[in-house]
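The values are calculated or read from the model by the stated rules, or taken from the named source; none is laboratory data. The shown structure was predicted, so the numbers you read here are calculated from the model rather than taken from an experiment. Positions of Cβ are backbone-derived with ideal geometry, glycine not excepted, and every protein chain shown enters the neighbour counts.
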Amino acid sequence: MGEKIRFEEHNHKYLLGDIRLNSVTTILSELSPPFDEQYISRNSAYKKILGPDDFKRLRKEVFGFDIKPDQDSMFPLFDNICGGGDEVKIIQDEFLQDWIDSGTKGTAFHRERELESIDRGYEYNAWDDKNFEVITFNKDYDNEVYSMDLYEIPDGYYTEFLVYDKTLPIEHTICGTIDCLWIQTIDGVRYSSTGDYKTNSEAPKVLKFSKMSPPLNHLWANKITNYSLQASWYQKMLESHGFVPKDSSFTWFKDYDVNQSKEYPVIIMHKEVDLIRKYILDKYK
């Protein structure tokens, strides 16, 4: 048996032998506006001290409709309004630490859901209103593909399923991990349904402040767009192995609580995934 794509948790790397492979989230980050954690955490501190409504009112009074004023103009003014830079910095550091902690908590949440499914032995599929047997297999690494030919997998439910894009050259392929995967064969056709867990501090919203970068610059940059693209690409990856995409969604959990959630259905973004694939191929010409 040849080498298989694997995932190493400690450094969050997908590897094939010695070749490091990019992930879906890495590529989508390249095409999204950069996340300026210092600027955003500073604004979050202002909102906490002043309250969201007063923060927005004061920002509009001074900067008009500019939703991201230059920090050299904004920070000294709002530091003074909020009682001084030292006070603001304390609150800002709390937000920065919360973001670091959220990664650890999110990983633990995913692991808990995985173990629950395995212990239960089945997972319910709401689209088909039936239970699917949980399929597990031996792994030599933190995670790895079932096989380089994923069409070999039996019908059932898979948790934390590693998938890759077979339409791309193997040395430049893109990988991802599907939180929830249901596979079923109907009249000889193999269907895939997918779900993903999201544990952001706030529910994803349709924000329209900025656009994504080419070739996706027709899309607004926000969490719903990003997660829909992620789910779509996972399904298109499965399609590249011979499966027919059936249903997809992602579910947001408030405060890591399984009893407080909101599901977001996903319509597969076929055109956009094809544009991303071309973007990747053009990078390595």
### Near pairs, Cβ below 7 angstrom, 6+ apart or cross-chain, from region 106-118 (farther than 13 Å from TYR256 by Cβ) to any residue that is outside any helix (DSSP H, G or I) and of a type in the set (D, E, K, R)
GLU114/GLU160; SER117/GLU123
### Task
Determine whether region 181-193 contains at least one residue that is surrounded by 13 or more Cβ atoms within 10 Å (Cβ to Cβ), closer than 27 Å to LEU16 by Cβ and of a type in the set (A, V, I, L, M).
yes
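Quick grid of which residues meet (1) free of Cβ contacts under 8 Å to residues at least 24 places away in the same chain; (2) surrounded by 13 or more Cβ atoms within 10 Å (Cβ to Cβ); (3) touching a helix residue (DSSP H, G or I) at 6+ places or on another chain (Cβ under 7 Å); (4) in the same structural domain as GLN184 (by TED's automatic domain parsing):
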site: ASP70; (1), (2), (3), (4): yes, no, no, no
site: SER73; (1), (2), (3), (4): yes, no, no, no
site: GLN92; (1), (2), (3), (4): no, yes, yes, no
site: ASN125; (1), (2), (3), (4): no, yes, no, yes
site: PHE137; (1), (2), (3), (4): yes, no, no, yes
site: GLU144; (1), (2), (3), (4): no, yes, no, yes
site: SER147; (1), (2), (3), (4): no, yes, no, yes
### Task
Identify the residue in region 34-63 that is outside any helix (DSSP H, G or I) and either in the same structural domain as LEU229 (by TED's automatic domain parsing) or at pLDDT below 90 (or both) and, among all such residues, is surrounded by the most Cβ atoms within 10 Å (Cβ to Cβ).
ASP36
### Query
Got a number for residues in region 226-285 being of a type outside the set (Gly, Ala, Ser), assigned to a strand (DSSP E or B) and within 22 Å of VAL206 (Cα to Cα)?
9
### Task
Confirm whether ARG111 is farther than 30 Å from PHE55 by Cβ, in contact with a strand residue (DSSP E or B) (Cβ under 9 Å, 6 or more places away or on another chain) and at pLDDT below 95.
yes
### Message
All but one of (1) out of contact with any strand residue (DSSP E or B) (no Cβ under 9 Å at 6 or more places or on another chain); (2) under 16 Å from ILE183 (Cβ atoms); (3) charged (D, E, K, R); (4) in contact (Cβ under 8 Å) with a residue 24 or more places away in the chain hold for GLU160; state the number of the condition that does not hold.
### Response
(1)
#### Entry: Of residues in region 253-285 being surrounded by fewer than 13 Cβ atoms within 10 Å (Cβ to Cβ) and touching a strand residue (DSSP E or B) at 6+ places or on another chain (Cβ under 6 Å), the one farthest from LYS166 (Cα to Cα)
LYS262
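Being more than 25 Å from THR199 (Cα to Cα), among the aliphatic types (A, V, I, L, M) and in a helix (DSSP H, G or I) is the filter here; which residues of region 66-112 pass it? Show your work before the answer.
First, pick out the residues of region 66-112 that are more than 25 Å from THR199 (Cα to Cα): 66-89.
Right, trim to among the aliphatic types (A, V, I, L, M) and you get 67, 74, 77, 81, 88.
The answer is MET74, LEU77, ILE81, VAL88.
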